[in-house]
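To start, the structure itself, in structure tokens.
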Amino acid sequence: MPGNFNLSRPLEMVYPWIQSARIYDGSQRQVIVTHAEGTNLHITLQVNGDNEGHRLVFFHNSSSIADFTGTIIVDSRSNRYFNVTVYGASGKINGAVKYSTQRDSDEIFSFTTYVHDLNVSFSSIVAYIRVRKLGELLVQASNRSMIIPLPAVVESGPRMICMYADEQREEQAVCRIVDYHETPLEIDIEHNTWHEMVGSCPSCNQINLTGLSKYLNPMSWVNGVSSLGEFVMMVTDILVYVCVLVVVYVVLTKIVIPICKCWICPMYIMTHRSKSSKRREKSKRREEEDEEMRV
């Protein structure tokens, strides 16, 4: 059945003494194994096929650190990190950021980093291979610069940061007061201002008579209608527009225009009424004269 695969168990479950294992460089077949039960580890290696160029070189590197310097930096985009340079360091290095500049203050953040110096010179490896036996090649401590991300809980101000090797106790840590440098935020001085030619075309957001005349043409309303749902939406939009036009016409002719006439010429209604009454009187007189002439 698809999906039913017989996957092997994780390495940590097969070998409980392994805390983690990862490939450092796949092309050179270098693996970093972190021991979970202690620092005493006995390893026996056997090489089959004693051919030149395929010998196994065992690198043994214990954790150590002599000193460090660094700075807490916050860039213009609020990225917070610890720019540190370690001296005489190798292996697994643990660190702790204190709440203040005092060594006995509370710890607000802890981190772990690795210092690996596997770039041993080729001449030393060749000399080691000529011995024709398996052994250890100790990698010396080195100076290394690195960047360690920090969370937002590390606020502004100098801090006490302590770093110690994984094989050391925390009381043996090297502690230094680290300065704090913050870069101001980038302020967009063009915020809430008009920008030209931001859309997909230069004339997408422009309003002119040509665009209005195009939408006033009823034939353009049908363009793009390819389904029954779109046709129903188009008819609904047209009905809504017609209803809005009727309402606007009624409001203008029955409410707005009469109010404007009264406001502009208050005597317009009185004069209109007087003229209508005079016309009625004249019409009555003419009717009476016509009747007298008939008699």
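The values are calculated or read from the model by the stated rules, or taken from the named source; none is laboratory data. Keep in mind that this is a model prediction, so the values were computed, not measured. Cβ sites come from the backbone with ideal geometry, for glycine too, and all protein chains shown count toward neighbours.
Values computed for the structure shown
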{"quantity": "Scope the range 24-40; condition modelled with pLDDT of 65 or more and farther than 18 Å from VAL115 by Cβ; matching residues", "calculated": "ALA36, GLU37"}
{"quantity": "Filter result for GLY157 (in the same structural domain as GLU107 (by TED's automatic domain parsing), modelled with pLDDT under 90, within 39 Å of the chain's Cα centre (by Cα) and more than 30 Å from HIS116 (Cα to Cα))", "calculated": "yes"}
